[in-house]
Every structure is written in C-alpha cells, then in structure tokens.
Amino acid sequence: RILLYIIDKINEFENAKGAPATIKERFSLLTEILSDLSKNNKLNIMIYDGDLTYIHSNMRKSLYYLKSDDGFLVASTPVNDDEGWMEVELNKVFALIDGNIIFESEAHDNEFVFTEYHEKLMEEYLKSLNPDDADD
C-alpha cells in the first residue's frame with residue numbers, strides 16, 4: 001500500500017507539472033510523504049526508483065547499514081559480525097547513489113516507540129488470525 005501510495009503521489013505531481021519529476025523533486029516529495037506516513041507508525045523503508053535509493057527509519061535499533069568496499073547493505077538487524085554496522089539515523093530520509101548520500105532531509109518529530117499498548121494490539125490481532133488458539 002505504501003509503495004502504491006508513493007507512486008500515486010509522484011504521478012499526481014508529474015501530471016500537475018506536465019513533466020517528469022527531477023531527482024531533487026522526487027526526494028522532496030518522498031520526504032514529505034514519509035514524514036506524514038510516519039506519524040504514529042513504525043516506518044522503516046528502503047525504495048529504489050531507478051536513480052536513487054531512499055532509506056528512512058523512525059524507530060531506534062530497527063534499521064542498520066554497512067558500507068564497505070564490496071557495497072552498501074541495509075538490514076533490520078546486522079546480518080554478519082562485521083563491526084562496521086551503523087544504525088540508520090532516525091527521522092530522516094536519505095537518498096543514495098552507489099552507497100553515497102546525495103540528499104539528506106531535515107529530521108521530523110515522528111519517532112515511533114513500541115509500547116505495551118502496541119504489544120496488546122499485536123497479540124489481539126494474532127489471536128484474531130487463529131480463533132481456535134484463543135483459549136491457549
């Protein structure tokens with residue numbers, strides 16, 4: 001849904017403009033969209049649009065990157081013992097080409113913090129998927 005929403009917003013922008021969006025315009029638009037969508041939501045995302053790779057995280061210790069001579073990796077947890085893994089900076093959108101940051105947004109204020117309330121909602125949702133297990 002998020003990807004389709006982003007595509008719709010870019011298409012709307014380009015139709016109104018009457019021309020394709022530049023990479024800077026796409027970055028600005030995506031920054032605005034992700035800032036809005038991250039309100040009260042955990043939003044870790046990595047999207048590639050053919051020119052730029054966009055990365056965003058708004059929950060601590062939930063998205064990491066590793067830049068090395070072999071490339072650029074992004075993962076929800078470090079996938080090997082390499083000591084170079086870094087946490088993605090919170091509440092910002094980064095646009096990269098070949099692992100190099102081309103654009104970096106200002107930080108928004110939508111940090112997501114997982115609470116007991118969220119845990120309860122998850123448990124209720126999981127129980128709804130398996131009503132036969134509700135008594136366990």
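The values are calculated or read from the model by the stated rules, or taken from the named source; none is laboratory data. What you are looking at is a predicted structure, and each value in this text was computed from that prediction instead of being measured. Every residue, glycine among them, receives a Cβ derived from its backbone with ideal geometry; neighbour counts consider all protein chains shown. Only protein heavy atoms, including side chains, enter the accessible area calculation; ligands, DNA and RNA are left aside. Shrake-Rupley method; radii C 1.70, N 1.55, O 1.52, S 1.80 Å.
Observations
- Note on segment 50-94: among residues that are among the hydroxyl-bearing types (S, T, Y) and closer than 24 Å to I7 by Cβ, the one that is most open to solvent (accessible area, probe 1.4 Å) is S76.
- Selected residue (criterion: nearest to the chain's Cα centre (by Cα)) from residues of segment 109-121 that are farther than 15 Å from N40 by Cβ and surrounded by 10 or more Cβ atoms within 10 Å (Cβ to Cβ): E119
- In segment 4-15, the residues that are touching a residue at least 24 places away in the same chain (Cβ under 8 Å) form Cβ pairs under 7 Å with partners that are surrounded by 11 or more Cβ atoms within 10 Å (Cβ to Cβ), at six or more places apart or across chains, as follows: I6/L30; I6/I33; K9/L29; K9/I33.
- Number of positions in segment 22-43 that are surrounded by 15 or more Cβ atoms within 10 Å (Cβ to Cβ), farther than 16 Å from F103 by Cα and free of Cβ contacts under 8 Å to residues at least 40 places away in the same chain: 1
- Pairs where the first residue, in segment 110-134, is closer than 21 Å to S57 by Cα and the second is in a helix (DSSP H, G or I), C-beta under 7 Å, 6+ apart: N110/S35
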